[in-house]
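Visitor: Have a look at the structure that comes next, please.
The numbers here are math on the coordinates, done by the rules we state, and not lab data. All of these numbers come straight from a predicted model, not from anything done at the bench. As a convention, Cβ positions derive from the backbone with ideal geometry for all residues, glycine included, and neighbour counts pool all protein chains shown.
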Amino acid sequence: MESPDTKSIVLRDVMISDLPIFFEQQQDPEANWMAAFTRKDPADRDAFMAHWTKILRDETTTIQAILFDGQVAGSVLLYVDEDGQLEVSYWIGRPYWRKGVATRGLLAFLGHIKVRPLYARAAKDNIGSLRVLEKCGFTRIGEGSGFSEARGEEVEEFLLRLD
Ligand SMILES: CC(C)(COP(=O)(O)OP(=O)(O)OC[C@H]1O[C@@H](n2cnc3c(N)ncnc32)[C@H](O)[C@@H]1OP(=O)(O)O)[C@@H](O)C(=O)NCCC(=O)NCCS
């Protein structure tokens with residue numbers, strides 16, 4: 001039997017038909033807790049669609065769908081944060097966790113994005129995300145905190161950079 005990590009990872013531009021899949025993937029309560037800094041109401045489908053339609057049109061944002069063995073497993077994106085820094089983020093649907101999808105998807109994405117430095121952030125207890133970033137060469141450069149809508153409390157995070 002083919003092992004999960006030999007299955008193909010392919011990045012492609014996001015299609016409108018991906019959005020309902022991303023929406024479903026972003027309903028998972030554990031995923032929201034992990035990510036911590038999420039939308040106020042992830043179940044608001046109209047707000048989700050409006051937000052994604054806007055960022056897909058935004059020329060300063062780069063978004064790719066991650067296909068695992070031909071299935072839409074998640075997304076990876078690059079955007080300009082509130083400090084004007086280029087920041088990466090990603091979200092993998094729960095059925096695809098722990099198969100190397102985030103690591104391989106982010107590595108492929110970073111191969112296309114030539115500009116450096118890039119930044120990322122993750123809640124201090126989002127061990128999986130920190131591991132993904134560090135496997136892709138990001139290093140911790142600082143920390144901070146912010147209000148987490150998903151947890152309803154202040155949450156500490158690490159800031160990371162890829163040079
Ligand atoms: C965090 C997330 C991106 C990880 O995706 P993934 O595809 O499962 O990650 P990978 O399979 O590439 O795993 C990379 C490493 O992290 C580890 N890992 C993944 N999830 C983990 C978890 N929940 N706890 C501990 N380690 C974890 C893997 O075992 C692997 O470690 P290894 O290389 O030592 O074997 C995914 O769980 C997710 O999308 N979560 C919800 C949204 C989110 O948190 N986004 C990031 C916001 S900062």
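Visitor: No solvent, one uniform scatterer per C-alpha: report log10 I(q)/I(0) for segment 20-105 via the Debye equation at q = 0.22 1/Å, two decimals.
Guide: -1.26
Visitor: Something else now. From the gyration tensor of the Cα coordinates in the chain, what semi-axes in whole Å does the equivalent ellipsoid have, largest first, with each one equal to sqrt(5λ)?
Guide: 21, 20, 17
Visitor: If r is the Cβ-Cβ distance from F23 to R98 and R0 is 25 Å, what FRET efficiency results, to the nearest 0.05?
Guide: Efficiency computed from Cβ-Cβ geometry: 0.65.
Visitor: So, R0 is 25 Å and r is the distance between the beta-carbons of R45 and E154; what FRET efficiency does that work out to, to 0.05?
Guide: Once the sixth-power term is evaluated, E becomes 0.35.
Visitor: For segment 1-64, which GluC sites (Glu not before Pro) are both in a DSSP coil and crowded by at most 11 other Cβ atoms within 10 Å?
Guide: Those satisfying the criteria are E2, E59.
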